[in-house]
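Following: one structure in structure tokens, then a few remarks.
Nothing in this text is a laboratory measurement; each read-out follows from the coordinates by a stated rule. Note that the coordinates shown come from a computational prediction; the quantities given were computed from them, not determined experimentally. Don't worry about glycine lacking a Cβ; one is built from the backbone with ideal geometry, like all the others, and counts go over all protein chains shown.
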Ligand code: AMP
């Protein structure tokens with residue numbers, strides 16, 4: 001088995017790794033570090049949880065140990081799809097450079113430009129950024145990328161999902177042709193393959209086993225859910241969610257609850273809070289300080305339930321999560337593996353429970369096909385009669401009308417401008433959808449007459465009307 005000491009890393013880096021408690025390199029580290037140290041391009045096909053962050057940070061630090069950065073000219077660049085991931089990579093750098101004098105800057109949205117500019121002005125060895133924010137700085141003339149010697153693209157498949165590929169291509173074009181590129185992706189979609197063929201030069205390709213076989217220590221289950229009426233789906237599903245949390249009881253020390261849509265992330269978190277649960281939301285429309293506060297609370301254990309979108313939770317390293325609850329089956333089956341991988345980490349036991357509504361069946365089939373096993377069906381924690389709430393509880397949360405004209409519901413991690421580019425325009429499209437909802441019909445046409453403000457008695461069946 002390879003040892004860290006076999007890898008030619010800087011002794012100060014080795015010291016920091018030992019202090020972090022790492023005993024031996026993970027497969028992606030053993031595979032990527034040697035070619036990276038030789039100055040070669042690396043194409044790493046690996047997911048979060050495999051130790052991929054250290055597989056590029058450790059050689060970068062070793063390579064950057066010599067030399068100094070000039071003002072506004074970073075010597076290396078790490079591009080990450082989300083603010084959280086960028087912040088996590090920055091934390092990794094701090095851990096591994098603790099015995100060295102390397103400087104870094106983190107360029108993410110939600111932090112003032114001035115603060116970031118003053119750090120760049122002093123000269124940084126490592127620049128960690130989301131693509132949109134990096135280009136914003138570049139366009140302001142505050143950043144020169146012609147001295148970048150190493151460029152890392154982390155989670156390229158997620159960049160693709162988020163529409164960042166044009167930005168990435170542009171950034172590639174702004175850095176010198178002679179730079180070294182370390183490129184990481186969990187999957188190799190054709191578009192990703194094209195980028196690597198264009199911008200990487202004879203890369204060493206290292207592929208580590210996909211985590212499609214979710215950890216054996218995770219107990220998985222699905223609760224099939226059928227609303228009594230379509231317009232009650234949301235509130236009834238939340239009733240099931242609460243009953244599920246109650247049924248898990250003390251076993252559920254903390255949980256991440258994933259929703260596919262940002263609106264549901266908000267609604268679920270608010271609803272849980274109203275019912276007395278210790279819950280908070282995290283998604284791309286919340287400001288950075290709020291996101292950081294929520295995450296810190298969850299990590300420290302002062303927050304029990306974190307309601308999240310896929311993007312916001314991407315790459316989160318929370319060591320001990322007892323439960324993952326999928327409020328919706330994710331639209332992309334790989335996201336299921338990512339989501340449930342938040343629990344059962346490092347050999348600990350974990351539970352992952354998924355709620356599957358009638359419209360989720362196809363997505364569930366895709367998940368089961370990917371993980372190549374049937375997820376056990378669990379008994380619903382709510383007797384069907386009990387879910388058939390006659391009236392929504394008084395303190396239930398109002399849901400914004402769904403904009404059916406947009407076709408499929410928007411994925412929570414389908415980034416809008418605020419998350420997509422991390423730029424200053426922070427108006428979520430959801431607001432636009434909400435304001436359209438009232439006076440537009442399903443096809444987005446102007447509604448005349450009563451429109452969708454249907455008196456409730458009309459919605460009742462004849463028999464119901466007679467009874468009332
Ligand atoms: P990553 O895949 O980079 O998100 O890393 C997942 C987790 O593994 C992080 O908590 C790292 O601190 C940890 N880690 C990375 N490399 C090692 C290693 N060689 N030994 C033990 N833990 C590691």
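A few comments on the model shown:
- Subtracting the Cα-Cα distance of residue 207 and residue 187 from their residue separation scaled by 0.36 nm leaves 6.2 nm.
- Cβ-Cβ distance of residue 71 and residue 113, R₀ of 22 Å, FRET efficiency by 1/(1 + (r/R0)^6): the value works out to about 0.85.
- Order by protection proxy (mean Cβ within 10 Å, highest first), peptides 62-75, 21-34: 21-34, 62-75
- Among beta bridges from DSSP that stay inside segment 4-207, the antiparallel ones total about 5%.
- Projecting label points 7 angstrom from Cα along Cα→Cβ for residue 289 and residue 228 puts them 4.5 nm apart.
- Segment 157-264: C-alpha gyration tensor shape, a/c 1.5 cut-off, then a/b vs b/c: prolate
- Cα-based shape type of segment 341-382, given that a ≥ b ≥ c are square roots of the gyration tensor eigenvalues and the cut on a/c is 1.5: oblate
- Using a Förster distance of 25 Å, the FRET efficiency for residue 197-residue 2 (Cβ separation, nearest 0.05): 0.30
- Cβ-derived FRET efficiency at R0 25 Å, residue 296 paired with residue 144, nearest 0.05: 0.15
- The shape of segment 23-63 comes out prolate: with a ≥ b ≥ c from the C-alpha gyration tensor, a/c is at least 1.5 and a/b beats b/c.
- Measuring how big segment 4-207 is from its alpha-carbon positions, Rg and Dmax come out at 15.6, 44 Å.
- The order of the peptides 298-310, 365-377 by mean Cβ neighbours within 10 Å, most packed first, is 298-310, 365-377.
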